1. Quick one: what does P(r) look like for region 302-365 with 5 Å bins over all Cα pairs, in whole %?
2. If N is the number of residues in region 215-255, what value comes out of its Cα radius of gyration divided by 2.2 N^0.38 Å?
3. State to the nearest 20 debye the size of the charge dipole of the chain about its Cα centre, where the only charges are +1 on K and R beta carbons and -1 on D and E beta carbons.
4. Students often forget the sequence filter, so: which aspartates and glutamates lie under 18 Å Cα-Cα from K56 once same-chain residues fewer than 8 apart are removed?
5. When the distances between all Cα atoms of region 102-191 are binned every 10 Å from zero, what whole-number percent does each bin get?
6. Name the residues whose placed amide hydrogens come within less than 5 Å of the amide hydrogen of A273, ignoring near sequence neighbours (fewer than 5 apart) on the same chain.
7. Full-extension gain between N305 and L177, please, as 0.36 nm times their residue separation minus the C-alpha to C-alpha distance.
8. Rounded to the nearest 5, what is the percent of antiparallel bridges among the DSSP beta bridges in the chain?
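The values are calculated or read from the model by the stated rules, or taken from the named source; none is laboratory data. Keep in mind it's a predicted model, so treat the numbers as computed, not measured. Virtual Cβ from ideal backbone geometry, glycine too; neighbours counted across all protein chains shown. Ligands, DNA and RNA are stripped out before the accessible areas are found, and what is left, the full protein with its side chains, is counted by its heavy atoms. Shrake-Rupley method; radii C 1.70, N 1.55, O 1.52, S 1.80 Å.
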Amino acid sequence: MNSRDRVYSVLNMEEPDLVPFFGSPHPAIFDKSFSPHMISKARQSTKSESYARYLKAQTDLIKKFDLSFMHMGILVDPTYNLQLENDRYVDETGRIKSTHLIGGISEAYMGGFLPTPSKYREFMRQRPPPVTDWRIDRVREAKKLAEELDLFLLIGTGSVVEIVMEACGIPNFLRYLYTDPQFLDEIIRDSALRTVVRVKMACEEGADGILIYDDYAYHSGPFFSVQHFMKHIQPWVKHVVSEIHKRGVPAFQHACGDIRSLMPGIIDAGYDAIEPLESTAGITISEMKERWGDKISLIGNVSLNTLVQGTPAATAMETENCIKAGARGGGYMLGASHAIHNQCRIDNVLAMLATWKQTGTYPIK
């Protein structure tokens, strides 16, 4: 089987020949000549020399380790960043960001630029269209590489609630659940419909699957009640997933934190797979498999803390445990409890990959 066949097999709750590996380690783990500045520039521009180098390094890793996915995110077009003072800017969604990198890779979220309905509506009247040339170019580049390497092309197109929650400022958004639910419904609808436009483009350009980024929870549980989720958010999640399925591709959900109380609603929305199953939020693959493993494909759960701070032996043990608990009967892809970023220890990442090849072949022992 090739990588695409393995992923489709898992999405069909079948057992492939090898457990698919979700995601790709950041090239900077293996190439320390990537500086934080170059990584930041690589994330922002398809035209920069550093971005071309980043893509080549990622491609080399995929070839070397026989990884399964080509993942490309098109959530925010940096062309439309609005510069503020010092290192801060506002992205096209209305989130204040800093070029200061958290963990050496992720530009820091500093708060919402649109705390009131009037500011939100004024800002959004001037926003760019949902699909831009930058986004189309990114998808086409990824498609070309995916075809060359026979990979499953996963395009991250947008968000239903996370982005507008951050644009308003998380405390403001949660307050609007009680003080102005009509405004809340307006912005969630707006985010969902813009995401659908990008879904259509990505599918037309040949995406094999669509990833929706929507964090719903802290480590201690959801940001909002299950009742609020089902009333205000889940119907639009369901709409976006239905639009993905209309185009004949599967829908993947990225949701950090302890999402267990929301899982019935996530499954009812129609998602085919969920990741990253954050272990530091108390989520175990064994519980997820027992409760929902026959209804949705499960991805991840190898602790990022272990990959950053642990030992190769601990990483190997955790990787093997996740495979044994999740992969029997199909429906599981190996992955970290978040992105394998450049603060992960190289020896731990190598231990994870080696253990995957040793223990991830079916039948699982």
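1. 4, 21, 32, 23, 13, 6, 1
2. Cα Rg divided by the expected 2.2 N^0.38 Å: 1.35.
3. For this selection, approximately 280 debye.
4. By straight Cα distance, K56 reaches D31, D66, D137, E141, E147, E148, D150.
5. 14, 34, 29, 17, 5, 0
6. A251, Q253, S297
7. 42.7 nm
8. The antiparallel proportion sits near 40 percent.
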